């Protein structure tokens, strides 16, 4: 069954719920990016494989988790409880069945609090730019996604910041992959946690800047 990479920075409050929801047969890999709140210890206590990633950056953590994975299929998702791990089969099953090469979870917020307006607008703008560049119909650069490990490594992704998820899509399209999306629930984050991207305007601006660099390459 698939490995699940969870890039992590100070998510101790969210991890117990997230890891308790990992489907049977899936293995959680928490790529800890220098947490100071005991996230790594919490992850280990809940049965996850923990990979310490000293190089800071979302892409650095995600890629380290990918390299640590051993299963044929690898999923990615945030560790902040904004996504339900119980829905991972929605993105993994089409890959397992050979129906798609990369599946992204299109976030469907369950409440207004789940997705701040500034982050939703930024995501829509990036998705529009991506559609114009690749001609692939995608509405969201969803953080819950799945693909085959060997294929992902073969993409030779180089971004180690917030541009990593977008670079994965652009390179996959360039290689002729079948890229699609499925609906997944988008939830308010666990109490005491703040998204590094959508939680603040500054975080969204940094992510937009990193992703714009990817699109300009």
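Values in this text are rule-based calculations from the coordinates and carry no lab data. Everything numeric here is computed off the predicted structure, so don't read it as measured data. Ideal geometry is used to build each Cβ from the backbone, glycine not excepted, and the neighbour counts take in all protein chains shown.
Spread over its residues, the convex hull of the C-alpha atoms of the chain is 105 Å³ per residue.
Extension gain for residue 153-residue 41 works out to 37.5 nm (0.36 nm per residue, less the C-alpha to C-alpha distance). In plain terms, the residue of 118, 63 with the fewest other Cβ atoms within 10 Å comes first and the most crowded comes last, giving 118, 63. A simple spin-label model places pseudo-atoms 7 Å from Cα toward Cβ; at residue 20 and residue 55 they are separated by 3.6 nm.
Full extension of the chain between residue 121 and residue 183 gives 20.5 nm of extra length, using 0.36 nm per residue less the Cα-Cα distance. Take the Cα of residue 131, step 7 Å toward its Cβ, do the same at residue 111, and the gap between the two points is 2.9 nm. Peptides 66-72, 130-136, 101-107, ordered by how many other C-beta atoms sit within 10 Å of their residues on average, highest first, read 101-107, 66-72, 130-136.
The residue 139 and residue 97 beta-carbon pair, evaluated with R₀ = 30 Å, returns a calculated FRET efficiency of approximately 0.85.
Helix-only mean residue ellipticity at 222 nm, the chain, DSSP H runs n ≥ 4 weighted -39,500 (n - 2.57), per residue, nearest 500. What is it?
So the calculated ellipticity at 222 nm is -11500 deg cm²/dmol.
Look at the Cα gyration tensor of the range 1-84: its axes a ≥ b ≥ c give a/c of at least 1.5 with a/b at or below b/c, and that counts as oblate. Under 1.5 on a/c is rounded, so check that first for the range 83-156, then, if it is not, pick prolate when a/b is larger than b/c and oblate when it is not; a ≥ b ≥ c are the square roots of the alpha carbon gyration tensor eigenvalues. Note, shape of the range 83-156 comes out oblate. Over the chain, what relative contact order in percent results from Cα pairs under 8 Å that are six or more residues apart? About 24 percent, as a whole number.
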